[in-house]
Amino acid sequence: MTTLLVLSDTHGKLGKLLQDSGSELVHHLNESDRIFHLGDGEEDIRKLALLYPTKLEYVNGNCDLADDTPVRIIDIENTRFLLTHGHKFSVKTNLMKLELECRYREADVGLFGHTHRVTYEDLGGLTLLNPGSVATSKTYMQIVVDGDKIMYKIFQI
């Protein structure tokens with residue numbers, strides 16, 4: 001069993017939250033096996049990389065200076081994850097381009113941000129998830145992978 005913490009669209013708001021060592025978010029960061037940041041938080045990604053260098057995976061978003069990592073594929077247990085910010089797949093319009101990219105890359109789960117809205121879509125063998133935004137909707141996601149099964153939960157900050 002593997003526990004993932006998924007953050008997106010932190011827009012520089014994570015630093016202050018990380019200072020509260022008793023917060024639920026910091027507890028989840030510490031207890032998670034892996035941390036995924038889905039972009040739009042370059043400064044926050046640097047902070048996370050210093051605190052959790054072996055756990056962090058990230059992609060860049062449209063507000064990050066570097067835009068060189070639009071997609072990352074990560075296999076955990078029997079589940080393939082596609083990580084993206086989502087702007088290159090027009091996720092504010094619809095999820096069709098993202099769905100096609102996930103199916104092309106044989107992903108079981110597509111994780112994306114950009115919209116700042118929590119999203120869950122079950123598309124028959126493919127699940128698309130958006131944790132919302134730490135900065136605006138004040139949400140993040142925890143995913144538990146157990147073999148080929150995933151369970152997720154949204155947390156409010």
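The values are calculated or read from the model by the stated rules, or taken from the named source; none is laboratory data. Since the model is a prediction, treat every value here as computed from it, not as a measurement. Every residue, glycine as well, gets a Cβ built from its backbone with ideal geometry; the counts of neighbours run over all protein chains shown.
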Hey, C63 hits all of (1) in contact with a Cys (Cβ under 7 Å, 6 or more places away or on another chain); (2) at pLDDT below 95 but one; which does it fall short on? (1)
Just checking, does segment 30-38 include any residue being in contact with a helix residue (DSSP H, G or I) (Cβ under 9 Å, 6 or more places away or on another chain) and in a loop (DSSP other than H, G, I, E, B)? no
Would a scan of segment 66-80 turn up a residue that is surrounded by fewer than 16 Cβ atoms within 10 Å (Cβ to Cβ), within 21 Å of M1 (Cβ to Cβ), free of Cβ contacts under 8 Å to residues at least 60 places away in the same chain and in contact with a Ser or Thr (Cβ under 7 Å, 6 or more places away or on another chain)? no
Looking only at segment 130-142, count how many residues are among the hydrophobic types (A, V, I, L, M, F, W, C) and crowded, with 24+ Cβ neighbours inside 10 Å. 1
Regarding segment 22-41, can at least one residue be identified that is out of contact with any strand residue (DSSP E or B) (no Cβ under 7 Å at 6 or more places or on another chain), exposed (fewer than 14 other Cβ atoms within 10 Å of the Cβ) and closer than 21 Å to T115 by Cα? no
What are the residues in segment 12-29 that are within 19 Å of the chain's Cα centre (by Cα), outside any helix (DSSP H, G or I) and at negative phi, if any? K13
Looking only at segment 49-92, count how many residues are assigned to a loop (DSSP other than H, G, I, E, B), in contact with a strand residue (DSSP E or B) (Cβ under 6 Å, 6 or more places away or on another chain) and under 13 Å from I35 (Cα atoms). 3
